[in-house]
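Below is one structure; the comments refer to it alone.
Every number here is computed from the coordinates shown, using simple stated rules; none is lab data. The shown structure was predicted, so the numbers you read here are calculated from the model rather than taken from an experiment. With ideal geometry, Cβ positions are generated from the backbone for all residues, glycine too; neighbour counts draw on all protein chains shown.
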Amino acid sequence: QVQLVESGGGLVQPGGSLRLSCAASAGIFSLRTMGWYRQAPGKERELVARITITGSTNYADSVKGRFAISRDNVKKMLYLQMNSLKPEDTGVYYCNADPVAYSWGQGTQVTVSS
């Protein structure tokens with residue numbers, strides 16, 4: 001059973017940057033499109049970035065041009081570089097396949113506030 005462990009969140013001022021990481025314990029990580037999901041306070045969880053097994057990427061309009069998703073299939077790691085952060089980026093960030101295929105991890109909290 002695949003376990004996903006997210007890390008790298010924190011409190012950052014508007015305009016700042018964070019890099020999130022996701023470690024997959026096992027499984028067929030390299031054969032799946034992977035994504036970063038965000039759950040803002042009081043809102044549904046949404047997909048904000050995805051990356052295919054060949055490295056093609058897609059982003060939600062709200063993060064396009066500011067976030068960059070990447071992956072390392074050998075290390076079974078997924079990353080999200082977040083720049084020019086805005087208060088509306090606040091939320092808990094999760095990684096999973098797209099479509100969702102694994103149990104959710106604990107997520108990592110990102111808070112953008114001055």
Along the range 58-64, Karplus-curve 3J(HN,Hα) (6.51, -1.76, 1.60; θ = phi - 60°) to the nearest Hz, with x for Gly and Pro, reads 9, 9, 5, 4, 5, 10, 4
Along the dipole axis of the range 23-112 (charges at Cβ: +1 for Lys and Arg, -1 for Asp and Glu; origin at the Cα centre), the most positive-end residue among W104, V63, M34 is M34
In order over the range 88-98: 3J(HN,Hα) from phi, Karplus 6.51/-1.76/1.60, θ = phi - 60°, whole Hz, x for each Gly or Pro, gives 6, 7, 4, x, 9, 9, 10, 10, 5, 6, 10
Length-normalised contact order of the range 19-58, Cα under 8 Å, at least 6 apart, in percent, tallies to 32 percent
Largest fluctuation, V92, V74, V48 only, Gaussian network model of the chain with Cα springs under 10 angstrom, belongs to V74
With Cα springs under 10 Å, the Gaussian network model of the chain assigns the largest mean-square fluctuation among S56, S30, S70 to S56
Percent relative contact order for the chain, counting Cα pairs under 8 Å at least six residues apart, stands at 37 percent
Here the range 35-48 yields Karplus 3J(HN,Hα) values (6.51, -1.76, 1.60; θ = phi - 60°; whole Hz; Gly and Pro given as x) of x, 9, 10, 10, 10, 7, x, x, 10, 6, 5, 10, 7, 10
Those GluC sites (Glu not before Pro) from the range 1-77 that are DSSP loop and have at most 15 other Cβ neighbours within 10 Å turn out to be E44
proj_area_mean for the range 36-75 (convex hull on C-alpha atoms), units nm², value 3.5 nm²
Here P(r) for the chain, Cα-Cα distances in 5 Å bins, as whole percents, is 2, 13, 25, 26, 19, 9, 4, 1, 0
